[in-house]
Amino acid sequence: MLFFEVSDRRTWAHTSTQLYQVKASLKELEERLPRDFQSCSKGVILNTKQIYALTKNLAGCEIKFADSEKKVYVSRHYYQTLRDCLQERIDQSDNNVNADVVMGNLNLYVDENASKPITLNLDVIMGNVTVYVPASWQVATQTANIMGTTKIPVEMTDYAAQPDLIIKGDAVMGSIIVKQV
């Protein structure tokens, strides 16, 4: 299940390929669904475990799902709550983390107790991503910088050691900066 939405006074359940009408209101669903489901606008509840990418730009914030062309938009009112939920998921999981930043800024905080290794797949276009990492962690990068930069403290790049964090992606007229905490 990707998300539930209200359209034409009906509640719809979206999977990656199908659409089903549901006989419950969003309020009823919100009370019954597990914590992984979060409101992202007045008429949409999404499954945070199915999020592939969160893209924030001047036009707003868009959620993309893995293996689906479907997208939902996040209202400003729900953005911080959703971002906190995703940050908690990053801290507790060993999954890859994907983020697209277009003409915006994103701060990611990696908890020292997070499962290792973590792979960040970042595409930054005319924006900035700052990743705050525990000082004891080793970081490796596999980024393409096109009129952009990727900066990592030298003491975090022991190439003989197994990396705790792997950063992949592109920085196009933007920056990816790793800072120790």
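Read the figures in this text as sums done on the coordinates, not as results from a lab. In this text, all values refer to a predicted model and were calculated from it rather than measured experimentally. Heads up, the Cβs are rebuilt from the backbone with ideal geometry, glycines too, and the neighbour counts pull from every protein chain shown.
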A chain fully extended from residue 76 to residue 103 at 0.36 nm per residue, minus the present Cα-Cα distance, gains in nm 8.1 nm
Considering only DSSP beta bridges where both residues belong to the chain, give the percentage that are antiparallel (nearest 5).
-> 40
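Multiplying the sequence separation of residue 62 and residue 31 by 0.36 nm and subtracting their Cα-Cα distance, what value in nm do you get? Present the calculation step by step, with values, prior to reporting the outcome.
Details: separation 31, 0.36 × 31 = 11.16 nm, distance 2.45 nm.
Working it through step by step, the gained length comes to 8.7 nm.
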Among (i) 22; (ii) 41; (iii) 49, the entry matching percent of Cα pairs over 31 Å apart as calculated here is (i)
Cα Rg, Dmax (largest Cα-Cα span) when computed across segment 94-181, Å = 12.0, 35
Label-point separation (nm) for residue 24 and residue 168, each offset 7 Å from Cα along Cα-to-Cβ?
-> 3.6
Calculate the length of the line joining the C-alpha centroid of segment 43-78 to that of segment 137-181, in whole Å.
-> 26
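Is it possible to state the helix-based mean residue ellipticity at 222 nm for the chain, with each DSSP H run of 4+ residues giving -39500 (n - 2.57), the sum divided by total residues, to the nearest 500 deg cm²/dmol? What is it?
Details: 2 runs with 24 residues, N = 181.
Helix-only estimate at 222 nm: -4000 deg cm²/dmol.
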Enumerate the residues in segment 24-43 having an amide nitrogen under 19 Å from the point lying 7 Å beyond the Cα of residue 8 toward its Cβ.
-> 24-26, 43
Net charge of Cβ neighbours under 15 Å - reference residue 19; Lys, Arg +1; Asp, Glu -1 = +1
What nm distance separates the two modelled labels at residue 142 and residue 177, each placed 7 Å from Cα along Cα→Cβ?
-> 2.6
